[in-house]
1. Within segment B:204-213, can you find the residues that are in a loop (DSSP other than H, G, I, E, B) and in contact (Cβ under 8 Å) with a residue 12 or more places away in the chain?
2. Tell me whether segment B:54-61 contains one or more residues that are surrounded by 24 or more Cβ atoms within 10 Å (Cβ to Cβ), touching a residue at least 60 places away in the same chain (Cβ under 8 Å) and within 21 Å of B:ALA137 (Cβ to Cβ).
3. Being surrounded by fewer than 24 Cβ atoms within 10 Å (Cβ to Cβ), within 15 Å of ligand 1 (Cβ to nearest atom) and of a type outside the set (A, V, I, L, M, F, W, C) is the filter here, so list the residues in segment B:189-213 that pass it.
4. Exactly one of (1) in a helix (DSSP H, G or I); (2) surrounded by fewer than 24 Cβ atoms within 10 Å (Cβ to Cβ); (3) within 14 Å of another protein chain (Cβ to nearest Cβ) is unmet by A:ILE98. Its number?
5. How about segment B:214-260: which of its residues are within 14 Å of ligand 2 (Cβ to nearest atom) and either open to solvent by 50 Å² or more (accessible area, probe 1.4 Å) or in a helix (DSSP H, G or I) (or both)?
6. Within segment A:121-161, count every residue that is open to solvent by less than 10 Å² (accessible area, probe 1.4 Å), modelled with pLDDT under 95 and assigned to a helix (DSSP H, G or I).
7. Mind checking whether some residue in segment B:158-177 is in contact with a Lys or Arg (Cβ under 8 Å, 6 or more places away or on another chain) and open to solvent by 60 Å² or more (accessible area, probe 1.4 Å)?
8. From A:ALA91, A:ALA71, grab the single residue that is at the interface with chain B (Cβ under 8 Å from one of its Cβ atoms), buried (at least 24 other Cβ atoms within 10 Å of the Cβ) and either part of a helix (DSSP H, G or I) or at pLDDT 95 or above (or both).
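The values are calculated or read from the model by the stated rules, or taken from the named source; none is laboratory data. Not measured: the values here are computed from a predicted model. Please note: Cβ atoms are built from the backbone with ideal geometry, for glycine as well, and neighbour counts cover all protein chains shown. Surface areas here come from the heavy atoms of the whole protein model, side chains and all, with no ligands, DNA or RNA. Shrake-Rupley method; radii C 1.70, N 1.55, O 1.52, S 1.80 Å.
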Amino acid sequence: MAEKIDINKLPKKALRDTYGEVLVELGKIDPEMVVLDADLSESTRTHKFHVAYPDRFFNAGIAEQNLIGIAAGLAYTGRTVYASSFAIFIAGRPWEIIRQQIAYNKLNVKLVASHGGVSVGQDGASHQMNEDVSLMRTLPNMNVIVPADSVEMEKVLKKVHWIKEPFYIRMGREKFPVILPENYEFELGKGYVLKEGKDVSVIACGVMVSMALQAAYELEDEGIDVEVINMSSIKPIDKDLIIQTAKKTGAVVTSEEHSIIGGLGSAVAEVLAENYPTILVRHGVEDRFGISGPAWEVMEELGLSVSGLKKKIKEALTKKVR
Amino acid sequence: MRDIQELKEIARELRIDIITMVYNAQSGHPGGSLSAIDILTVLYFGGFLRYDPKNPWWENRDRFILSKGHASPALYSVLAKAGYIPKEELSTYRKIKGFAPDGYSRLQGHPAWQGNKHGVPGAEASTGSLGQGLSVAIGQALSGRLANKDYKVYVMLGDGEVQEGMTWEAAMFAGHHKLDNLIAILDNNNLQIDGDVRQIVNIHPLKEKYEAFGWHVIEIDGHDYQQIIDAFTQANQIKGKPIMIVAHTVKGKGVSFMENNFKWHGVAPSKEEYEIAIQELTSGGV
Ligand SMILES: Cc1ncc(C[n+]2csc(CCOP(=O)(O)OP(=O)(O)O)c2C)c(N)n1
Ligand SMILES: [Mg+2]
């Protein structure tokens, strides 16, 4: 069992900062690699690659459909292509082009989205993308990853860079607590048990993993033993681990900074319903749009907080004993 | 290089293939295939496109992308004539079974990229959803430029297709980057599914639009072989600008009852109509 921690005291880092750094590292070892953006390269941090390798960076301007089409064209010629923008603009606007070009042809394009979820904060509902995992997960050939922290972001990039398939990798705008150890290894299609428990399982992704850990530690004091799983690989998903933890605890809570429709909650529900029906509570953005406000206040307001998650955990436990 | 008379004979044969494919499948798009086929004939068999059907992945090959993917019968007939695929494969167009490794057809309703598991050798992109091919061509052209390769990327669009906003994002980008290894052809047959392009949402004037976006524009009669040859010759000499060949064509060209009739955009001929069409194509002067 991991040592008890207070996530608020952990160092924090934005995943997009890691993204920018790792792009530059990868660019050095892979001369075939190219990076594209659509007028948000400062925000997504692809500008670091732009500065390091100006010839291999292309700015499509504010034209996300063309961005994806060009990314596909570059990948057709055998290059490894990264394309970035905010989640809303890269997963939303050009979805159908992603489908026809990148997914259908299994092209080597990494769509790396920043500003996923409601922690975008003050830009409000127009910029808070809570439906991207759902949109991407349904595409054949598409892999979907939502890393939990900057350590995982780096491991994910360095692993999937060499897998010549389409990926959607989703980051938040804010700094996330760094919860994974430096020696953590990301494996596609594998979940990771951060804390073992026997009463209830929380399967989380993104920033909610750190909140799940915190909730688990706080609930320990109330005598509730929570298992915490980081399910960053949403597609392919770790079926075996989901079934195994459901058998062990008999109650599952999914937690994500995404709509409860179509994302991690739905993916876990699909696995459980078909293999091992279990009490399930989905924690995430309810079927609604977000609001403007400081990031963590918006999160709190929408229930995406440690206290919000604790409520859902208790709800699952109540359902379990009934 | 073949002379014009030989090229016309090839186009006659390909027109017969197109009509036969659509007739056999009882499905497909004859109109836009027939308007495009003279241009494709000159591109593939008039010595312009650099390719090797024995080696479809040859790195220095020129690329051709059929952005108006519904004209797949035109592309497939060309690929068979060029030797990418056996002629008998044409009978698998729009059928379940065919020549893909898993037993399904490689001649999908709309072209699938040669790297796709149901793709056809010689297809440089998956198309069918209109508006995407120009952007994809730009990606391939950029990649070639970056690698100091001298291949060209050709792409054919429909006139209705350029109502798609994405094609103008692409036009702006290509002009900005002065992509002179990009040669686009606009099959200006004046018709789209619901009727006359000018009446649905007018796209004209085209020359002025593309010039304003930084392109070199060449206007031709897309059924006049000398003009097509001259246009490709000129296109290959232009430096510092992407090239747009606006080809004025006749939808359904070569089959009298299909010509200039939008009803023939996407329907198959009956047995009687098929026989008349083949009769016309076999006997007509070229
Ligand atoms: C994005 C998209 N919207 C609609 C269609 C349906 N569609 C197929 S062909 C066509 C008309 C195309 O007209 P044009 O580009 O002029 O082609 P052509 O006349 O050469 O056949 C339409 C609307 C499509 N394939 N893709
Ligand atoms: Mg037309």
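1. B:PHE213
2. The answer is no; no qualifying residue exists.
3. Across segment B:189-213, the qualifying residues are B:ASN190, B:GLN192, B:ASP194, B:GLY195, B:ASP196, B:ARG198, B:GLN199, B:ASN202, B:HIS204.
4. Condition not satisfied by A:ILE98: (2).
5. Once the filter is applied, which keeps residues that are within 14 Å of ligand 2 (Cβ to nearest atom) and either open to solvent by 50 Å² or more (accessible area, probe 1.4 Å) or in a helix (DSSP H, G or I) (or both), segment B:214-260 yields B:HIS248, B:LYS253, B:MET258, B:GLU259, B:ASN260.
6. 1
7. No; the residues of segment B:158-177 include none that is in contact with a Lys or Arg (Cβ under 8 Å, 6 or more places away or on another chain) and open to solvent by 60 Å² or more (accessible area, probe 1.4 Å).
8. Unique residue meeting the criteria: A:ALA71.
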